Every structure is written in structure tokens, then in C-alpha cells.
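Below is one structure; the comments refer to it alone.
The values are calculated or read from the model by the stated rules, or taken from the named source; none is laboratory data. Quantities reported herein were computed from a predicted structural model and do not represent experimental measurements. Cβ placement follows ideal geometry from the backbone for every residue including glycine, while neighbour counts extend to all protein chains displayed.
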Amino acid sequence: MLIVNEDLFDIDDAINKIVENFLNFEQVVKYKKVQADFQADKELQIKIRLYADKSRKLEDSKEYVAYRTELKELQREVRALQREINLNEHVYALRLAENDLQSLMAELTHDIVETVSESISVDEGLPFSGKKHHGKGGSCGK
């Protein structure tokens, strides 16, 4: 059972201050701006919806792609749309901003966890971070 006392209110106030400060970090401000630009690109949003619709249609008929030429053409259209979307400057900028924000959050989480114990590892989920796995030194994956 949680006992509500003055310490709990102090913790709540501290969390609110942390959140307020976090929202002012350069990476967060940049992410919000890039995300707004991404959402404001109407042509891109139309392509994303079209891609989702065509992908859904293709997924529903994927077992027949080898036998139906119109599905092969649909598959080519889906791939072309995906390439076009991936090469869009707003998509690229959003992905970079997401990675920067994820790195910041992983770093902050790591700092918080280390104050509790250095033996606790945090999975950052960053594929290119270059950090080694905190395993027990066994031969897994070798």
C-alpha cells in the first residue's frame, strides 16, 4: 500500500521539473520542429497513406503475386513508393532527429540507473551505438 506523505509530493514536483527541463533540450526542440515539418508536408502524407493502402492490398493477396501480373505491378509500385518516401528530406530528417532523441533518452536513463547500481544494464536499442553487450562473458553468439 502506498503511503502518501510530503516526500511523495516532493518527488512529484521533482519529476515535473525534470520533464519541463527535458522538453527544453536541443534534441527535443529539434525533434518537435522536424516532426511538425514532416506532418505539414501534405504531398508526403498522401504518399504515406497511398503506400499503406497499397501495402495492405498487397499483403492481403501476397500468396498470389507469383501468378497475377497486376499484383506484380502493385508490388513494384509499393517498392517504388517506399523508396520515394525513404528518400524524402523530411523522412530523413525525422529519422535523424528520432535517433538523436533516442540517444539522449538512453543516456539519461543510463545515468539514472547508475545512481541505483552500476551492475544494472540498460538496453539502449541503438543499433549503431558501438557499445558492447553486458553479458557474463560467455560464448553466446560466437
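Could you list, in sequence order, the residues of region 66-78 that are of a type in the set (Asp, Glu) and either touching a Lys or Arg at 6+ places or on another chain (Cβ under 8 Å) or closer than 29 Å to Glu89 by Cα (or both)?
Step one: of region 66-78, the residues of a type in the set (Asp, Glu) are 70, 73, 77.
Glu73, Glu77 - these are the residues of region 66-78 that are of a type in the set (Asp, Glu) and either touching a Lys or Arg at 6+ places or on another chain (Cβ under 8 Å) or closer than 29 Å to Glu89 by Cα (or both).
So which residues in region 20-50 are in a loop (DSSP other than H, G, I, E, B) and either touching a strand residue (DSSP E or B) at 6+ places or on another chain (Cβ under 7 Å) or not polar (S, T, N, Q) (or both)? If the condition is that a residue be in a loop (DSSP other than H, G, I, E, B) and either touching a strand residue (DSSP E or B) at 6+ places or on another chain (Cβ under 7 Å) or not polar (S, T, N, Q) (or both), then Leu23, Phe25, Asp41 are the ones that fit.
Pairing each residue of region 14-41 that is under 17 Å from Asp100 (Cα atoms) with any residue that is acidic (Asp, Glu), provided the two are 6+ apart or on different chains, yields C-beta distances under 8 Å for Gln27/Asp100; Lys30/Asp100; Tyr31/Glu98; Tyr31/Asp100.
When Val4 is tested against the conditions (1) over 21 Å from the mean Cα position of the chain (by Cα); (2) in a helix (DSSP H, G or I), the lone failure is (2).
Sub-9 Å Cβ pairs linking a first residue in region 107-126 that is modelled with pLDDT of 85 or more to a second residue that is assigned to a helix (DSSP H, G or I) and among the acidic types (Asp, Glu), at least 6 apart or interchain, number zero.
For region 16-65, which positions are over 23 Å from the mean Cα position of the chain (by Cα) and over 24 Å from Asn88 (Cβ atoms)?
Once the filter is applied, which keeps residues that are over 23 Å from the mean Cα position of the chain (by Cα) and over 24 Å from Asn88 (Cβ atoms), region 16-65 yields Asn16, Lys17, Asp60, Ser61, Lys62, Glu63, Tyr64, Val65.
Considered as a group, the residues in region 72-90 that are surrounded by 17 or more Cβ atoms within 10 Å (Cβ to Cβ) and aliphatic (A, V, I, L, M) include one that is farthest from Lys42 (Cα to Cα), and that residue is Leu74. Among the residues of this structure, Lys17 does not count as one that is assigned to a helix (DSSP H, G or I) and surrounded by 11 or more Cβ atoms within 10 Å (Cβ to Cβ).
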